[in-house]
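Each remark here refers to the structure printed beneath this line.
Derivation of every value follows stated rules applied to the coordinates shown; laboratory data play no part. Model, not experiment: these values are computed from the prediction. Neighbour counts are summed over all protein chains in view; Cβ atoms, including those assigned to glycine, are modelled from backbone coordinates with ideal geometry.
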């Protein structure tokens, strides 16, 4: 069995995408597809079902990944161990980001880090805060930047950068009254750091989050912003996530009496995970560069 084709299979399995697997391996999507097709022909079994843009593993794919996927993790750990012996900042580094850090903070910082450390192969995973913390807890990720302090035993979190939450709606959307609890809210999903920060802000303002009039729940900041632009209701998001829509007049900031709408993003890692040079360098870099990720006050 060809090692490179097996690696392509594992990357597609993990990313649920041929194109993302190609980016990780620095190969074109047709090359990845050819590797998978050759592997399927060799095994005599289909490994993935292609459902539109979705790529779902078959039972054969699940079996192959279960038995072979750990090979590459072992190789990456071996490379990191050897780099440690040389004290080089090199090898694989897996970091995670909840929605706002992954889309608005980490890309620029990661690019600057990789420009300084070209021998590092970095993987950035995204998800909501709970999902990303789970990946740090089980050792999948070396570290992460998320929208809430970790509560799980074994995880260490330190404030990295502050973030302002703003209440926004379409300019055409009319709100009845000043009771924020009765407004039609577009809220993030359970597990979202943004939702938890907003609920804590409500409590600090003497309000009961369970009394919010929730019109709908959405997965992801972009979905919340788009729903608000479409006039579905009012939402609360990071000022970073709606800056463009505010400037373009697609959204407006809704004045409220709410205070304590500032939160922190946290750099999180597992206390028991051994830090190799690449992870140590990234942690130090994020601490030093965290202040550069601040944003100006949101436009009115």
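Worth pointing out:
- Remark: 264, 270, 26 ranked as 26, 264, 270, counting other beta-carbon atoms within 10 Å and listing the fewest first.
- Taking Cα atoms only, the orientation of helix 59-68 departs from the longest principal axis of the chain by about 70 degrees.
- Sorted peptide list for 12-22, 241-251, criterion being average Cβ within 10 angstrom, highest first: 12-22, 241-251
- Modelled spin-label separation between residue 152 and residue 118, with each label point placed 7 Å from Cα along the Cα-to-Cβ direction: 3.6 nm.
- Take the Cα of residue 138, step 7 Å toward its Cβ, do the same at residue 272, and the gap between the two points is 1.6 nm.
- Cα-based shape type of the range 162-263, given that a ≥ b ≥ c are square roots of the gyration tensor eigenvalues and the cut on a/c is 1.5: rounded
- Panel order for 68, 54, 170, by other beta carbons found within 10 Å of each beta carbon, from fewest to most: 54, 68, 170.
- Taking every alpha-carbon pair under 8 Å whose residues sit at least 6 apart, the chain reaches a relative contact order of 20 percent.
- Cut-off 12 Å (backbone N to label point 7 Å along Cα→Cβ of residue 256), residues of the range 224-245: 234-238
- Cα gyration tensor shape of the range 3-68, rounded if a/c is under 1.5, else prolate or oblate by comparing a/b with b/c: rounded
- Full extension of the chain between residue 20 and residue 54 gives 11.0 nm of extra length, using 0.36 nm per residue less the Cα-Cα distance.
- Cα centroids of the range 32-60 and the range 182-258: 40 Å apart.
- Principal-axis tilt of helix 106-116 within the chain, Cα atoms, nearest 10 degrees: 40 degrees
- With Cα atoms, 0 to 90° folded angle of helix 277-289 axis to the chain main axis: 20 degrees
- Modelled spin labels at residue 219 and residue 289, positioned 7 Å past Cα toward Cβ, are 3.0 nm from each other.
- Fewest neighbouring Cβ atoms within 10 Å first, the residues 36, 100 line up as 36, 100.
- Residues of the range 63-81 falling in the label zone of residue 280, defined by backbone nitrogen less than 13 Å from a point 7 Å along Cα to beta-carbon, are 81.
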